[in-house]
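Step one of this worksheet: look at the structure below.
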Amino acid sequence: MPLIKSQTAEPVTEEARKSARDCAGLVAQLADANPTARRWAARDLADCPNAAAVLLDHLKREPEVSVREVILTTLTALGDETAVAGLVDCLRSEDAALRNEAIEAMRQLPDAMAPIMRGLLADQDPDVRIFAVNILESLCHPDVETWLIEVIDCDPHVNVCGTAVDLLGEVGSMQARESLLRLKARFANEPYIRFAADLALERLRDA
Amino acid sequence: MKRILIVDDAATVRLYHREILETANYAVEEAMNGIEALEKALQSPFDLYLVDINMPKLDGYGFLRELRGQDLPQAPAIMISTEAQANDEQRAYIAGANIYLIKPVKPDRLLTQVRLLLGDVYR
């Protein structure tokens with residue numbers, strides 16, 4: 001019996017396109033009953049105008065994991081303003097799998113994410129700010145530590161700071177030391193923050 | 001010694017909960033996501049599950065739904081999340097959680113809930 005019934009993926013090897021690559025046809029194929037046809041459409045749409053908007057529109061209602069993966073790969077390759085804005089919008093979804101997939105896609109886009117990162121880290125919704133910190137986890141960008149320090153210095157929400165501290169312990173340097181000490185003082189009544197900050201300080205000392 | 005599985009993708013959170021639970025003489029194991037947790041539970045069921053909601057690969061809701069669908073002794077589960085919207089709590093109970101807590105959980109609060117669920121109030 002399969003353990004994970006809802007996440008079984010269609011095999012993606014040895015596929016053949018069902019029809020030619022005209023943009024209107026590809027958009028129509030995104031609604032095809034066959035996941036193979038939808039995967040091809042999601043791949044080939046990359047060359048079409050307005051591809052990001054079409055793919056984002058479809059992403060939220062696509063049930064097949066393997067098709068969603070191709071859509072996200074194409075969106076990542078596009079990496080344009082529409083694609084990034086749509087991925088950011090996925091962070092507000094109630095679908096945890098979609099959120100995680102969007103986070104993973106945005107981690108591949110350091111140059112596109114960098115200009116909007118501070119805005120995302122200052123979002124009104126603390127959950128979105130936590131997901132923004134999650135993006136930083138493997139975003140290859142020289143400002144990651146600076147952004148994390150700004151979060152623990154300024155963010156009022158304990159869980160946003162907790163998530164940032166966890167990551168600072170892994171990617172930070174002794175440059176974060178004073179901010180970690182200030183954070184402990186700011187959340188003196190939160191045992192988790194004290195624990196996480198002490199752990200991060202210990203890791204930074206040992207690094 | 002009763003066994004508890006901590007399921008969370010954040011290493012610091014796992015370590016924090018482990019220290020609290022081990023101090024109270026529970027045997028603790030860890031999993032980083034729902035798939036790893038399900039594999040461990042199928043190998044050797046636990047007495048209690050402490051489960052985060054947001055995790056890669058298989059989230060907390062998915063893990064509990066799968067766990068509750070297995071032919072296993074149905075141990076209690078505490079779902080822990082950073083999210084505080086009402087529908088998250090409702091979804092947690094529908095998925096099979098017994099208790100829903102918001103992070104960060106203070107040590108006394110966690111131990112009280114664990115002991116209640118395990119019938120260890122006077123330990």
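The values are calculated or read from the model by the stated rules, or taken from the named source; none is laboratory data. Because the structure is predicted, anything quoted here is derived from the model rather than measured. Because the Cβ atoms are built from the backbone with ideal geometry, glycine has one as well, and the counts that use them run over all protein chains shown. Surface areas here come from the heavy atoms of the whole protein model, side chains and all, with no ligands, DNA or RNA. Shrake-Rupley method; radii C 1.70, N 1.55, O 1.52, S 1.80 Å.
Quick notes
- Shielding by partners - mean other protein chain Cβ count within 10 Å, residues of A:98-109: 1
- Tensor-based shape of the stretch B:60-101 (alpha-carbon gyration tensor, a/c under 1.5 rounded, otherwise prolate or oblate): prolate
- Heavy atoms of residue B:32: accessible area, 1.4 Å probe, square angstrom to 10: 100
- C-alpha long axis of helix A:126-136 to longest principal axis of chain A, angle in °: 80
- With pairing defined as another cysteine C-beta under 4.7 Å, the cysteines of chain A that fail it are A:90, A:140, A:154, A:161.
- Residue (of B:10, B:26, B:95) at the positive-pole extreme of chain B, dipole from beta-carbon charges: B:26
- Net dipole in debye of the protein assembly as shown [+1 Lys, Arg Cβ; -1 Asp, Glu Cβ; about Cα centre; nearest 20]: 740
- The alpha carbon gyration tensor of the protein assembly as shown gives principal lengths a ≥ b ≥ c with a/c of 1.5 or higher and a/b no greater than b/c, which makes the shape oblate.
- Degrees, to the nearest 10: A:81-90 long Cα axis against longest axis of chain A: 70
- Accessible-area composition of the protein assembly as shown, carbon plus sulfur, in percent [1.4 Å probe]: 51
- Across the stretch B:3-118, the relative contact order, built from alpha-carbon pairs under 8 Å that are at least six residues apart, equals 24 percent.
- Our summary gives chain A a relative contact order of 12 percent, counting only alpha carbon pairs under 8 angstrom and 6 or more residues apart.
- Take each residue in A:189-197, count the other chain C-beta atoms within 10 Å of its C-beta, and the mean is 4.
- Acute angle (nearest 10 degrees) that the helix A:96-107 long axis makes with the longest principal axis of chain A, alpha-carbon atoms: 80
- Distance from the stretch A:37-82 to the stretch A:164-207 (C-alpha centre basis), Å: 39
- Global form of the stretch B:3-118, assessed from the alpha-carbon gyration tensor, a/c cut-off 1.5: rounded
- Neighbours of residue A:171, meaning other residues whose beta-carbon lies under 9 angstrom from its beta-carbon, give a summed charge of -3 when Lys and Arg score +1 and Asp and Glu score -1.
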